[in-house]
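A.B. asks: Sharing a structure here in structure tokens format.
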Amino acid sequence: MSDNDPTQYTDINLGFDDVRQWLADEAAGPFVKDQFEQLQLDHSLDGIGNQFRRIHEFESIMESNNGFLVHPYEDLKETLRLLALPGSTLFPENLTDLRNILEQTRLLQAIYLKSVPAEDFIWEGDLRRIEPLPNLEKDIQRIIGDDGEVLDSASSTLSSLRQKLRRSAGTVRSRMNDLVRKYGDEGFLNESQAGLRAGRLVLPVVSSYKHQVKGVIQDMSNTGTTTFIEPYEVIELNNQIKAMEVEEQQEVQRILRQLTASIHEHHETINRNYEVLQLIDFHIALAKFSKTFACSIPKVSETGEFKLIAARNPRLALQRKVVPLDLHMDASIRTLVITGPNAGGKTVALKTIGLLAMMANAGIPIPAAEGSIIPFLDTIYSDIGDQQSLVNDLSTFSAHMSTIINILESASPDSLILLDELGTGTDPAEGGALARAVLESLAEIGAKTVATTHLGDLKVFAHEAEGVMNGAMEFDRNGLKPTYKFLAGVPGSSYGFEISKRLGLKQKLLDTAKAYLGVARHSMEKLLQTLESERVSLSSLRDDNMHLQRELKVKQKKMDSALETVQKAERKADREAARKAGQIIADARQTVEHVIRQIKETQAEKTNIREVHGQLNQLEEQIDHVLEETEEAPRIQKIKEDAIQKGVAVTVLSLDQQGVVLEEPVRGKVMVEVEGKRLHIPISWLGQAVQQSKEVEARAPVVKVSNRSESTFKLDLRGFRAEEAISEVSRFVDQAVLSGIPMLQIIHGKGTGVIRKVVHEVLDKHSAVKKKRLGGLDEGGAGVTFVEMK
């Protein structure tokens, strides 16, 4: 690889090495650690999809069973090679490693079988390949201890030999203690206890007294002052011990040979189990990484579409709170030019785009929200940072151009090209012209390119050229600081003067610099800044209009519900009062529909929005008054508890709606499906099902129910889209208001947090909501919101 090969900079500058190391740290076995340290792009789209599916399925199991993990294990490659040879003998530590593998694969398969996954579970075949060998596990456990020693219980012969050894060793120690006291009192010893030389107990005798102690000299100290003597009194006992130790080792070897021979018969099964364990280890490490960094599994597309939703750079996410990146380049956009102030986040955005693209194409979940799309790539090239070289006599510009030349020669239609500060390091006019030519050439190749720059010519090029998109990093002109938010479709100003002013440059110097800038350039920068101010203003107004439209929809649904109540009242004796109330509500509904249509057609000013709010509040008061006059108490008879069974049709009294029982009652409550929604409802709220005529609306009106102060009303929004969730929450809260329910429970799940966000927005704006809170650890955590009504 040459010094200017662009691929050499990819891992270093994007941070993929860090990701690989994080994954290696999560792995339990050495082979899988090596796999992650050498991980590269997967050039098979099917392979990436297969890996993502495996990760997703493991995440589901791990969520319900935290014991589905792989614990550290040793490399069995050499052990399995020896095991395949007839007549071989494994060491105790090899057998301990084998038992670890057998135990882990058996437990992992048991957890899988207990989880009862779907029939099309992609892990089905692999986990079924595991063949538990519990009897072999027990044999190894009976013979080999946890510390790798052969246990006394391995055989009766070994147990007898070790008992004799312990008795003989005790006799020798006792006799040696007597001799230590004897010769110690006479001053013949250098130490107060016996020593050990060549496996035999000896006395540490002062060399000048060595003739006073009868025995065999076994050793001498380096200084020559101590002579280690084995007394004649214990030589025979030591000889007996040595003989028994030899017998012991022979028995141990016999036991190990016999055990290895019994395991040899299963070496193919053990090898297969080991392979599956490594495969599980690899994907569990990916699933753990995904959880740590709050990742999602992106769609990898061959169309070239690139979409990041709330993306975060994992290298920064662990250090501090980061501003998420939202980006969308459809298949027709081949080039993105990002502009903006220095230190505004351009390079971070560039690296985030490159790193997440590399992760996805290596089959790694990315730290972004669900719905993100990454193009399928064969290579990723980057030219990021100052690559000048004193050794190779390369200036900054020369180094950049050498890298870009290599990229142009190597890029393909499936390449992603990342170019930082394109066109810098030379005359701006020449740099801009070269940069434009480079981008056009890469577009002709068909590569996806993202470039950052300060050059104004490239901003114009991105605005005018087909298949090229402008993008900018937002800058807060009031606070004179970057916000690090990416803005698609607009060019950004460099804000050099503003940043210099914030840093303390004198105004006189700034005025002089502006004069040198030139009228045309100054006008363009001023135009960019004006466009940015207008964009911020329009964005704020758009948000206000969106909030107003949501409120109007909420109130419109309340009016629909009220109209149904009036229609029911018309069937009562007082039809005149019902018709009067119906006219009021019909007029109110017409007014709301007119306001909604007006807002959609024109951008309402803030003053108009306030006027609309006042009109709606007056209409709402009229409706509440009508509801009080037309309200009807339920006359449906309550159903007996013993009659509530799965599949039985019932009436939910608090809603005056028909439902079907889904489960048997548990502790006074039962799961009922009402209009496609699953509600956990107290049995006391249920009545007998009634026959309705064809003219009756499928969605019955909501009526007020008293004496429900201790009840909790539940709504499950899991699987809903944001717009559907807004509608359902609004209706749900309105029903609670009319039914007098003091406490509500809304299940929105954790996921990306989008559903939770819109739920909280509706609750914050509803006048009947007193306060809200997320569930505790034993209540569903951040996946559930509890609401207290006024």
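The values are calculated or read from the model by the stated rules, or taken from the named source; none is laboratory data. What you see is a predicted model, and the numbers here were worked out from it, not measured in a lab. When we count neighbours, we look across all protein chains shown, and the Cβ atoms used for this are built from the backbone with ideal geometry, even at glycine. Areas reflect the complete protein model, heavy atoms only, side chains present, ligands, DNA and RNA absent. Shrake-Rupley method; radii C 1.70, N 1.55, O 1.52, S 1.80 Å.
A.B. asks: Given the whole protein assembly as supplied and a 1.4 Å probe, what does the accessible area of THR352 come to in Å², nearest 10?
C.D. replies: About 10 Å², rounded to the nearest 10.
A.B. asks: What ³J(HN,Hα) values, in whole Hz, does the Karplus curve 6.51 cos²θ - 1.76 cosθ + 1.60 give for the stretch 740-754 when θ = phi - 60°, with x put for Gly and Pro?
C.D. replies: Karplus values, whole Hz, x for Gly and Pro: x, 7, x, 9, 10, 10, 10, 9, 10, x, 8, x, 8, x, 5.
A.B. asks: A follow-up question, please. What do you get for trypsin sites (Lys or Arg not before Pro) in the stretch 313-374 restricted to DSSP loop and a cutoff of at most 11 other Cβ within 10 Å of the site's Cβ?
C.D. replies: ARG320, LYS321
A.B. asks: Right, another one. Using a 7 Å offset from the Cα along the Cα-to-Cβ direction at both GLU663 and SER410, what is the distance between the two label points in nm, to one decimal?
C.D. replies: For GLU663 paired with SER410, the spin-label model returns 5.7 nm.
A.B. asks: Between GLU131 and GLN40, how many nm apart are label points set 7 Å from Cα along the C-beta direction?
C.D. replies: In this crude label model, GLU131 to GLN40 measures out at 3.6 nm.
A.B. asks: Seen from all sides and averaged, what is the projected area of the convex hull of the Cα atoms in the stretch 163-270, in nm²?
C.D. replies: 9.3
A.B. asks: Taking amide H positions as placed in the peptide plane 1.01 Å from N, state which residues far from TYR484 in sequence (5 or more) or on other chains have amide H under 5 Å from it.
C.D. replies: HN-HN under 5 Å from TYR484: GLU474.
A.B. asks: Now for a different question. In whole Hz, what ³J(HN,Hα) sequence does the stretch 341-353 give by Karplus (6.51, -1.76, 1.60; θ = phi - 60°), x for Gly and Pro?
C.D. replies: Going residue by residue, I get x, 4, 6, x, x, 4, 5, 4, 4, 4, 5, 5, 4 Hz, with x marking Gly and Pro.
A.B. asks: Between LEU113 and LYS770, what FRET efficiency follows from the Cβ-Cβ distance if R0 is 41 Å, with the result rounded to 0.05?
C.D. replies: 0.30
A.B. asks: In debye, nearest 20, what is the charge dipole magnitude of the stretch 82-148 about its Cα centre with +1 on Lys and Arg Cβ and -1 on Asp and Glu Cβ, if you could check?
C.D. replies: In debye, rounded to 20, the stretch 82-148 gives about 180.
A.B. asks: Let me ask something additional. Heavy atoms only, probe 1.4 Å: what % of the accessible area of the stretch 106-172 goes to carbon and sulfur, would you let me know?
C.D. replies: Carbon-and-sulfur percentage of accessible area, whole number: 49.
A.B. asks: Something else about it: Would you mind pulling out the separation of the Cα centroids of the stretch 242-321 and the stretch 728-753, in Å?
C.D. replies: For the stretch 242-321 versus the stretch 728-753, the Cα centre distance is 44 Å.
A.B. asks: Using only the heavy atoms of the protein chains and a 1.4 Å probe, how would ASP139, ASP383 rank by accessible area, largest first?
C.D. replies: ASP139, ASP383
A.B. asks: Now a separate question. How far apart, in nanometres, would the label points at GLU63 and GLN688 be if each is projected 7 angstrom from Cα along the Cα-to-Cβ direction?
C.D. replies: 4.3
A.B. asks: Which far-off residues, 5 or more places away or on another chain, put their amide H under 5 Å from the one on GLY215, with H placed in the peptide plane?
C.D. replies: TYR232
A.B. asks: Another question, then. Go ahead and collect, in residue order, the members of the stretch 46-75 whose backbone nitrogen is under 16 Å from a label point 7 Å along the Cα-Cβ direction of THR292.
C.D. replies: 69-72
A.B. asks: With 25 Å as the limit, write out which pairs from LYS448/LYS757; LYS351/LYS757; LYS321/LYS770; LYS321/LYS750 have Cα-Cα distances beyond it, or answer none.
C.D. replies: Cα-Cα > 25 Å for LYS448/LYS757; LYS351/LYS757; LYS321/LYS770; rest within.
A.B. asks: Sticking with this structure for a sec: Amide H to amide H, which residues 5 or more places from ALA689 or on other chains are under 5 Å from it, using H placed in the peptide plane?
C.D. replies: It is THR651, by chain and number.
A.B. asks: Now for a different question. Estimate the FRET efficiency between LYS646 and LYS138 by the formula 1/(1 + (r/R0)^6), using the beta-carbon distance for r and 30 Å for R0, to the nearest 0.05.
C.D. replies: 0.10
A.B. asks: Taking all pairs of different Cα atoms in the stretch 303-441, averaging 1/r and flipping that mean, what Kirkwood radius in angstroms comes out?
C.D. replies: Here the Kirkwood hydrodynamic radius works out to 16.3 Å.
A.B. asks: For LYS481 and GLU444, what does the FRET efficiency come to when R0 = 35 Å and r is the distance between their Cβ atoms, rounded to the nearest 0.05?
C.D. replies: According to the calculation, E is roughly 0.35.
A.B. asks: Turning to a different aspect of this structure: Which ³J(HN,Hα) values, rounded to whole Hz and listed in residue order, are derived for the stretch 228-245 from phi using the Karplus coefficients 6.51, -1.76 and 1.60 in 6.51 cos²θ - 1.76 cosθ + 1.60 with θ = phi - 60°, glycine and proline given as x?
C.D. replies: Once rounded to whole Hz, the list reads 9, 10, 9, x, 4, 4, 10, 4, 5, 5, 5, 5, 5, 5, 4, 5, 5, 5.
A.B. asks: OK, next. What is the extension gain from LYS182 to GLU723, computed as 0.36 nm multiplied by their sequence separation minus the C-alpha to C-alpha distance, in nm to one decimal?
C.D. replies: Extra length available between LYS182 and GLU723 comes to 185.1 nm.
A.B. asks: For the stretch 190-230 and the stretch 46-64, compute the distance between their C-alpha centroids and round to whole Å.
C.D. replies: 68
A.B. asks: For LEU455, LEU113, give the ranking by accessible area with the largest first, probe 1.4 Å.
C.D. replies: LEU113, LEU455
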